[in-house]
Amino acid sequence: MKTGAKRMAEGLLAALMLAVTCGATAQDLEPLKMPTVNEDAVMQHIVELSSERYAGRLAGTEGYNAAVDYVEKVLKGYGLTMMSQPFEIECNEVENCKFNTYLPGTKEKRVYTLGNEFCCAGMTGRGYVDAQMVFCGYGLSSGMIDDYEKVDVKGKIVVVLSGLPEGGWLSKEDADRSILLRDKARIAEKHGALGMLVVNTSNSCPSYEPQSRIYCGEMPHLSTFPILHLTLDCGRELLQDEAMALDSAMSRINWLHAPCSFALTKRTEIDVNARYTPRAKTCNLMALLPGSDKRMQEELVVVAASLDHAGMQGETCLFPGADINASGVAALLETARLLSSKGYRPRRSILFVLFSGSETQYMGSRIFVTGYKNMGRIEACINLQNIGSGEGVALLGGARHPELWDLAKKQDDFNLVDMQWKESTVRGDARAFDAMGVPSLVFTAHKGMRHNHVTSDIWENIDRRLLVMTTQMAVGTVREVSDGYYQGRKLKSRSRR
């Protein structure tokens, strides 16, 4: 007859043998322990990456390459296996720009400061121009409206409004070929203009801040056609004491659906020095954290963030990119630090990916999904994008991928997510994964575009509380997807190309 102690010992032995046979780990027998995010560690990365040392991290520049070196050193320090995916990208470095206006016959000039009242378009041409200005509405020349019909812009500088007229009354064909800066510039050049001043009418930044636009439309490059991007306040000043005030002209166009073009009495002097490289070298950076479970380590969970930003122009115009997207990169690095620590190793393998070319139509993520040989093994993508400023957390793609939404919402101990923000649209770099059938979820800030590609996107404007709580939520979600009962993608999606 067996004693109680002997029966207990045999039971424990049987349980241990069963665990070994099934490949179970200690994580199968214990509740998941959530590591705690270190606020100082996360902020240190943001302060570093948004400093002048990296010159705004423009893809294809030494500043971006230095950021890659920094991130690689950090991830190597966590014991991760590093890889890179090189590719080529269009790059334009603005070394200096002068812009002033004056009345003919006078010596006084209104001198504007690069990074204060204006910046250069990402794909501006270089060159010197001294010419009269002509206001040409939204810079359109189509069957529905022709802003150049009754004005002569040959040998002059055109002043146009960004975007399209309000109301959506343009045809889709006209809108598609006239909305981007290069589209407007080609129309102006075709009519004989020598350069273009674009007044920023976007609601995504204040009227007094210059906003960068790296992607200006498709090639070819207009190498000797300067394109400056003015603040709304600067545009209003240009048209002050002219035939019509800027706001009045905008209202007239939007109300009458008709041109409102006229010559200005002022002249302008523009001098742009830019170095253009049609095929600059850049890369995506990858770091692999192998899974601890032999049954699941071939399965991958991607944690992604964009590393590049809008760069630096001259010595006075830096786009630091603290929130967009050093905050996402910092959260990724903190996730890597915590999950590579002893006792927190995930069961599924995790692939951390830092993308280049996000400012150019998310080029890096599109190249990644077409070139990465193990796409069929990726079970989910968690994308971290500008999480340092806003009113809460929006989980983009949650309605489309409810299994990921549910896992993320369970980690929401701080009530950061409002159910009304549950969107089906997957945006940013995650779109490329979603298109390949990979369930994807984007962590981003709700109403978090206050510092969208502007010079005030500095680390001092980061909401530390939101940053830390969102990072903690993201870490918990990645851990749950890697270790919990998440079933992964459907089999039919694995062959999608």
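Quick notes on this structure:
- Listed residue (GLY321, GLN85, THR455) projecting farthest to the positive dipole end of the chain, Cβ model: GLN85
- With the convex hull of its Cα atoms as the shape, region 92-275 has an orientation-averaged projected area of 9.7 nm².
- For region 337-459, fraction of C-alpha pairs farther apart than 16 Å, in %: 66
- Charge dipole of the chain about the Cα centre (unit charges at C-beta), most positive-ward option of PRO290, GLY63, GLY143: PRO290
- Packing, as the average of other Cβ atoms within 10 Å across residues, places the peptides 439-447, 146-154 in the order 439-447, 146-154, highest first.
- Vicinal HN-Hα couplings computed from phi for region 85-99 (Karplus, 6.51 cos²θ - 1.76 cosθ + 1.60; Hz; Gly/Pro x): 10, x, 7, 10, 8, 6, 9, 9, 9, 7, 7, 5, 7, 10, 8
- Neighbour-count ranking [beta-carbon atoms within 10 angstrom, fewest first] of LEU230, LEU256: LEU256, LEU230
- Debye equation applied to the C-alpha atoms of region 54-137, log10 I(q)/I(0) at 0.17, 0.24 Å⁻¹: -0.88, -1.28
- For PHE319, PHE87, PHE118, PHE414, order by how many other beta-carbon atoms lie within 10 Å, fewest first: PHE414, PHE87, PHE118, PHE319
- Each of LYS447 and ALA243 was given a label point 7 Å from its Cα along the Cα-to-Cβ line. The distance between the two points is 4.1 nm.
- By the compact-protein rule of thumb, 2.2 N^0.38 Å, the alpha-carbon radius of gyration of region 362-406 corresponds to a ratio of 1.44.
- The phi-based Karplus calculation (6.51 cos²θ - 1.76 cosθ + 1.60; θ = phi - 60°) puts the 3J(HN,Hα) values of region 302-308 at 8, 10, 10, 7, 8, 9, 7 Hz, whole numbers, x for Gly and Pro.
- 5 angstrom amide H check on ARG347, placed H, neighbours 5+ away: SER292, ASP483
- For region 146-237, the alpha carbon positions stretch 32, 29, 29 Å along the principal axes, listed from largest to smallest.
- Cβ crowding within 10 Å ranks ARG57, ARG464 as ARG464, ARG57, fewest other Cβ atoms first.
- Computed from point charges on the beta carbon alone (+1 for Lys and Arg, -1 for Asp and Glu), the dipole magnitude for the chain about its Cα centre is near 1900 Debye.
- In summary, region 266-388 shows an alpha-carbon radius of gyration equal to 1.35 times the 2.2 N^0.38 Å reference for compact globular proteins.
- Two-site FRET efficiency, GLU72 against THR113, from Cβ-Cβ distance with R₀ of 35 Å, rounded to 0.05: 0.45
- Cβ charges +1 (Lys, Arg) and -1 (Asp, Glu), total dipole of region 36-145, debye: 400
- When shorter helices are ignored and each DSSP H run of at least 4 residues is given -39500 (n - 2.57), the per-residue value for the chain at 222 nm works out to -8500 deg cm²/dmol.
- Candidate values (1) 156; (2) 168; (3) 204, label of the one derived for volume of the Cα convex hull per residue in Å³: (1)
- Size of charge dipole - region 92-275 - debye, nearest 20, with Cβ of Lys, Arg +1 and Asp, Glu -1, no other charges: 340
- Dipole of region 227-386, positive end: most advanced residue of THR360, CYS381, VAL272 [Cβ charges, Cα centre]: CYS381
Any read-out appearing in this document is the output of simple, stated calculations on the displayed coordinates, not a laboratory observation. Source: prediction; values computed, not measured. In this analysis, Cβ positions are derived from the backbone assuming ideal geometry, glycine residues included, and neighbour counts consider all displayed protein chains.
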